[in-house]
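Let me begin by presenting the structure, written as structure tokens, before commenting on it.
The values are calculated or read from the model by the stated rules, or taken from the named source; none is laboratory data. Everything quoted here is computed from the prediction, not taken from an experiment. A quick note on method: Cβ atoms are made from the backbone with ideal geometry, for glycine too, and the neighbour counts reach across all protein chains shown.
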Amino acid sequence: MKIALLGYGKMGKAIEQLALQDGDEVVFRAGSETSAEEVRASLRSAEAAIEFSRPESAFDNIRLALEAGLPVVCGTTGWLGRLSEAKALCEEHRGAMLYASNFSIGVNVFFALNRYLAGMMARLPQYKVRMEEIHHTQKLDAPSGTAITLAEDILSRLPGLEQWAGEEEAGPEALPIRSRREGQAPGTHEVRYYSSIDSITIRHEAHSREGFARGALLAARWLVGKKGYFEMKDMLGF
């Protein structure tokens, strides 16, 4: 598969390394200084685009890929205020897009487990819930996109909670999320239900970026030839 990397930071480089090992070809790498004209011209030689850039660049990169007729996989977080626009562009150009806050297969198993557990805990009002996420100090957004996905899945199933909020801002009707930034930690997420009697905790800890990169490549291969907007649960079937 011929891949265009829209974003060539740590994740872009990890994806490139795995892609080359798998026999794929990286035909274009767009960094922070690459112009829209360069991206537009170079996308013609690719079969799929993988977008891991910055929140302020993500939407434009997605737009350029869809306009070029390329399926685009996006893992950038912090730009989701424009997701509805991206979906509309995908429909307008009869293109294909897959967005995920986290491409790790293990994390997506964790997402499914979190949804199931939240449904069970909805019948047990004696338990309260809180979350914690830990990432490296270079991560710009807090809470992480993965934490927000976990939180929104909980909110959709657990009565009595109206929103998520940072730990210090959370009121009685908010799901508190504690965000920590430490060293080079690739990502840890924890959901904890607690009562006066006991606690129940589920936790996912990434050991490297390889899981994220591997999942993004799998998603790009799966997306080729499809039309519409997708998420990882569509690819994985849960």
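When restricted to residues that are of a type outside the set (A, V, I, L, M, F, W, C) and either under 16 Å from residue 117 (Cα atoms) or touching a Ser or Thr at 6+ places or on another chain (Cβ under 6 Å) (or both), segment 161-185 contains 1.
For segment 39-73, filtered to residues that are out of contact with any helix residue (DSSP H, G or I) (no Cβ under 9 Å at 6 or more places or on another chain) and of a type in the set (Lys, Arg), the residue that is surrounded by the fewest Cβ atoms within 10 Å (Cβ to Cβ) is 44. Entry remark, segment 85-112: residues being assigned to a helix (DSSP H, G or I), crowded, with 17+ Cβ neighbours inside 10 Å and of a type outside the set (A, V, I, L, M, F, W, C) number 1 in total. The set of residues in segment 140-190 that are among the polar types (S, T, N, Q), buried (at least 16 other Cβ atoms within 10 Å of the Cβ) and over 19 Å from residue 100 (Cβ atoms) contains only 179. Residues that are surrounded by 15 or more Cβ atoms within 10 Å (Cβ to Cβ) and modelled with pLDDT of 95 or more within segment 123-138 comprise 127, 128, 129, 130, 131, 132, 133, 134, listed in sequence order. When you scan segment 139-153, do you find a residue that is modelled with pLDDT under 95, within 17 Å of residue 230 (Cα to Cα), polar (S, T, N, Q) and outside any loop (DSSP other than H, G, I, E, B), even just one? Looking through segment 139-153, at least one residue is modelled with pLDDT under 95, within 17 Å of residue 230 (Cα to Cα), polar (S, T, N, Q) and outside any loop (DSSP other than H, G, I, E, B).
The residues listed here are 82, 115, 40; of these, the one that is over 30 Å from residue 161 (Cα atoms) and in a helix (DSSP H, G or I) is 40. Of the residues making up segment 215-236, those that are under 13 Å from the mean Cα position of the chain (by Cα) and not in a loop (DSSP other than H, G, I, E, B) number 6.
For segment 1-37, which positions are of a type in the set (D, E, K, R) and part of a helix (DSSP H, G or I)?
Quick first cut of segment 1-37, residues of a type in the set (D, E, K, R) only: 2, 10, 13, 16, 22, 24-25, 29, 33, 37.
Listed by number, the residues that qualify are 10, 13, 16, 37.
The condition of being more than 17 Å from residue 50 (Cβ to Cβ), free of Cβ contacts under 8 Å to residues at least 24 places away in the same chain and not aromatic (Phe, Trp, Tyr) holds for only one of 119, 81, 160, that being 81. Contact annotation: residue pairs with Cβ atoms under 6 Å, 6 or more positions apart or on different chains, pairing a residue in segment 165-192 that is among the polar types (S, T, N, Q) with a partner that is part of a strand (DSSP E or B), are 179/133; 188/134; 188/205. If residue 211 passes every condition in (1) in a loop (DSSP other than H, G, I, E, B); (2) modelled with pLDDT under 95 but one, which one does it miss? Going through (1) in a loop (DSSP other than H, G, I, E, B); (2) modelled with pLDDT under 95 one by one, residue 211 breaks only (1). Those residues that are of a type outside the set (Val, Ile, Thr) and either touching a Cys at 6+ places or on another chain (Cβ under 9 Å) or not assigned by TED's automatic domain parsing to the domain that holds residue 12 (or both), I need them from segment 27-52; list them, please. The answer is 49, 51, 52.
Looking only at residues that are assigned to a strand (DSSP E or B) and of a type in the set (Gly, Ala, Ser) in segment 168-208, which one is farthest from residue 76 (Cα to Cα)? Walk me through how you get there before you give the answer.
Of the residues in segment 168-208, the ones assigned to a strand (DSSP E or B) are 174-181, 188-194, 199-205.
Subset that is of a type in the set (Gly, Ala, Ser): 174, 179, 199.
Details: 174: 25, 179: 18, 199: 33 Å.
Filtering segment 168-208 for residues that are assigned to a strand (DSSP E or B) and of a type in the set (Gly, Ala, Ser), the one farthest from residue 76 (Cα to Cα) comes out as 199.
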